[in-house]
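The structure under discussion appears below in the form of structure tokens.
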Amino acid sequence: MRIDIISCVPSLLDSFFAHSILKRAQQGGFVEVAVHDIRDYSVNKHRTIDDYAFGGGAGMVLQIEPIARCIRQLQSERIYDEVIYLTPDGELMQQRMVNQLSLKGNLIMLCGHYKGVDQRVRDLFVTQEISIGDYVLSGGELAAAVLADAIIRLLPGVLNDETSALTDSFQDNLLAPPVYSRPADFEGSKVPEILMSGHEAKIDAWRYEQSIERTKARRPDLLKL
Ligand code: ADE
């Protein structure tokens, strides 16, 4: 998979992709991530990329020309499955959506800033609009990082234990059960006996029951889906 992220603050994303699982995923050849600075595609020597909104009002708008040039350049190099715009008025990000995106080959993620991008970018180039939650961030970079992280960890071979993404919260509309490690007794606070019984079937049943209880208590809406 290849993910191209278009941003006007590319340095915000650099350190995110340079660490941990995302770094390993790139080094292992499971994913290639490239971050592009919109300013490099500006049509003037001052490298401007934003302007006042027609009709007035506060806030600058990211102009169409630099973004169009960047997207067209990328599209001349390879075929993209989706051009995703991260925006608070997009479709709410869900695990189901992430699973589907993890099956794609090449993705472009466009990060907004200020008052957003010129509507014509969305009309002419964007194929999917995604929000990571009902709150407004100062830019789309964190949202792109969240989306890319959720996708990349699903790619086969990225996680050490191939099955571990399958037991995540949300994969079956259930929250994950509690987990414990050593010591078995921390200042009198003990690990549930069943987990140390070695009885695999009983442990699975206990975990499933815990998942249901946790989901009922915290996210009853998931059980209705
Ligand atoms: N840009 C600003 N806020 C956002 C959000 N909640 N989701 C996606 N992109 C955003």
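Brief remarks follow.
- Close contacts from segment 77-97, counting a first residue that is modelled with pLDDT of 95 or more and a second that is among the charged types (D, E, K, R) and away from the ligand (no atom under 16 Å from the Cβ), with Cβ to Cβ under 6 Å and a gap of 6+ residues or different chains, come to Asp81/Lys104.
- Segment 108-123, residues that are aromatic (Phe, Trp, Tyr) and more than 18 Å from Ile5 (Cβ to Cβ): none
- Candidates are the residues of segment 93-109 that are surrounded by fewer than 17 Cβ atoms within 10 Å (Cβ to Cβ) and hydrophobic (A, V, I, L, M, F, W, C); the one that is nearest to the ligand (Cβ to nearest atom) is Met97.
- Close pairs from segment 48-63: first assigned by TED's automatic domain parsing to the domain that holds Ser7, partner at pLDDT 95 or above and among the basic types (Lys, Arg), Cβ under 8 Å, at least 6 apart: Ile49/Arg39
- Residues satisfying the stated conditions in segment 73-90, i.e. closer than 24 Å to Val9 by Cβ, loosely packed, with under 14 Cβ neighbours inside 10 Å and more than 10 Å from the ligand (Cβ to nearest atom): Gln73, Glu77
- A Cβ distance below 6 Å, combined with a sequence gap of six or more or placement on separate chains, defines the contacts here; from segment 111-139, residues that are assigned by TED's automatic domain parsing to the domain that holds Leu62 reach residues that are more than 7 Å from the ligand (Cβ to nearest atom) and of a type in the set (Gly, Ala, Ser) in the pairs Cys111/Ser7; Cys111/Ala144; Tyr114/Gly59; Lys115/Gly59.
- One residue from Gly112, Gly133, Gly139, Gly116 being within 8 Å of the ligand (Cβ to nearest atom) and surrounded by 19 or more Cβ atoms within 10 Å (Cβ to Cβ): Gly112
- Yes/no for Lys23 being assigned to a helix (DSSP H, G or I), in the same structural domain as Met109 (by TED's automatic domain parsing) and surrounded by fewer than 16 Cβ atoms within 10 Å (Cβ to Cβ): yes
- One residue stands out among those in segment 179-198 that are part of a loop (DSSP other than H, G, I, E, B) and of a type in the set (Gly, Ala, Ser): the one that is farthest from Gln95 (Cα to Cα), which is Gly188.
- Exactly one residue out of Ala201, Ala205, Ala176, Ala150 is surrounded by 15 or more Cβ atoms within 10 Å (Cβ to Cβ), aliphatic (A, V, I, L, M) and not in a loop (DSSP other than H, G, I, E, B): that is Ala150.
- Single match in Val121, Val126 (criterion: of a type in the set (A, V, I, L, M), surrounded by 13 or more Cβ atoms within 10 Å (Cβ to Cβ) and within 13 Å of the ligand (Cβ to nearest atom)): Val126
- Among the residues of segment 208-225, those identified as in a helix (DSSP H, G or I) and open to solvent by 50 Å² or more (accessible area, probe 1.4 Å) are Tyr208, Glu209, Gln210, Glu213, Arg214, Lys216, Ala217, Arg218, Pro220, Asp221, Leu223.
The values are calculated or read from the model by the stated rules, or taken from the named source; none is laboratory data. The structure displayed is predicted, hence computed values, not measured ones. Cβ sites come from the backbone with ideal geometry, for glycine too, and all protein chains shown count toward neighbours. Calculation scope for accessible area: heavy atoms of the full protein, side chains included, ligands and nucleic acids excluded. Shrake-Rupley method; radii C 1.70, N 1.55, O 1.52, S 1.80 Å.
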